[in-house]
Amino acid sequence: QVQLEESGGGSVQPGGSLSLSCTASGSIPGFNGMGWYRQAPGKEREMVATVTNGGWKKYDDSVQGRFTISRESGWNTVYLTMNSLKPEDTAVYYCTLYALGGDVNYWGQGTQVTVSS
C-alpha cells in the first residue's frame, strides 16, 4: 500500500511564500512520477505541477513562473515551492503519485494553503 503525507501548508499574506513537501512510503507498483493538485471550495481539483521519473516538469499556467516542483534524488519526497502567492492560490493542496505507467494515482490527505491579508 502506497501512502503519501503532505506537510508545509499554512497561512501567508499575498506576495509571500510557502513550501510544501510530500513523502511517499510503501511499495510503489511502477513509479511514474509525482505531482501536486489543489482544490478550492466549490471548485474541482486541478493540476498544479507534475514531475516525471525522468525529471520532466509541467505546470499549470496559473502558477507558471511562481511555483517550482522538485524532488529528492531517491524519489521518496517531492516539494512544491510557492512564491508570489495570490489569494486565488488558496486551496487544499494534494500530493499525488503516478503508478503503473500513469494509470493509477495515489493521493495524500491534503494540506491547507490560505493566502489572505
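Looking at (1) in contact (Cβ under 8 Å) with a residue 24 or more places away in the chain; (2) open to solvent by 70 Å² or more (accessible area, probe 1.4 Å); (3) over 18 Å from VAL115 (Cβ atoms), can you tell me which one ASP103 breaks?
(1)
Please indicate, with yes or no, whether at least one residue in region 68-79 is among the basic types (Lys, Arg) and in a loop (DSSP other than H, G, I, E, B). Outline the logic, then answer.
Going through region 68-79, the residues among the basic types (Lys, Arg) turn out to be 71.
From what is left, the residues that are in a loop (DSSP other than H, G, I, E, B) are none.
Checked against the condition, which is being among the basic types (Lys, Arg) and in a loop (DSSP other than H, G, I, E, B), region 68-79 yields no hits at all.
Counting only residues that are of a type outside the set (A, V, I, L, M, F, W, C) and part of a strand (DSSP E or B), which one in region 56-67 is surrounded by the most Cβ atoms within 10 Å (Cβ to Cβ)? So that I can check it myself, show each step before the final result.
Of region 56-67, the ones of a type outside the set (A, V, I, L, M, F, W, C) are 57-62, 64-66.
Still in the running and part of a strand (DSSP E or B): 57-59.
Working: LYS57: 14, LYS58: 14, TYR59: 18.
Checked region 56-67; the qualifying residue surrounded by the most Cβ atoms within 10 Å (Cβ to Cβ) is TYR59.
Do you know which residues across region 64-77 are at pLDDT 95 or above and under 12 Å from the mean Cα position of the chain (by Cα)? Walk me through it before giving the result.
Going through region 64-77, the residues at pLDDT 95 or above turn out to be 64-70.
Listed by number, the residues that qualify are PHE67, THR68, ILE69, SER70.
The values are calculated or read from the model by the stated rules, or taken from the named source; none is laboratory data. Just so we're clear, the structure is a prediction, and the values are computed from it rather than from any experiment. We place every Cβ from the backbone using ideal geometry, glycine too, and count neighbours over all the protein chains shown. Areas reflect the complete protein model, heavy atoms only, side chains present, ligands, DNA and RNA absent. Shrake-Rupley method; radii C 1.70, N 1.55, O 1.52, S 1.80 Å.
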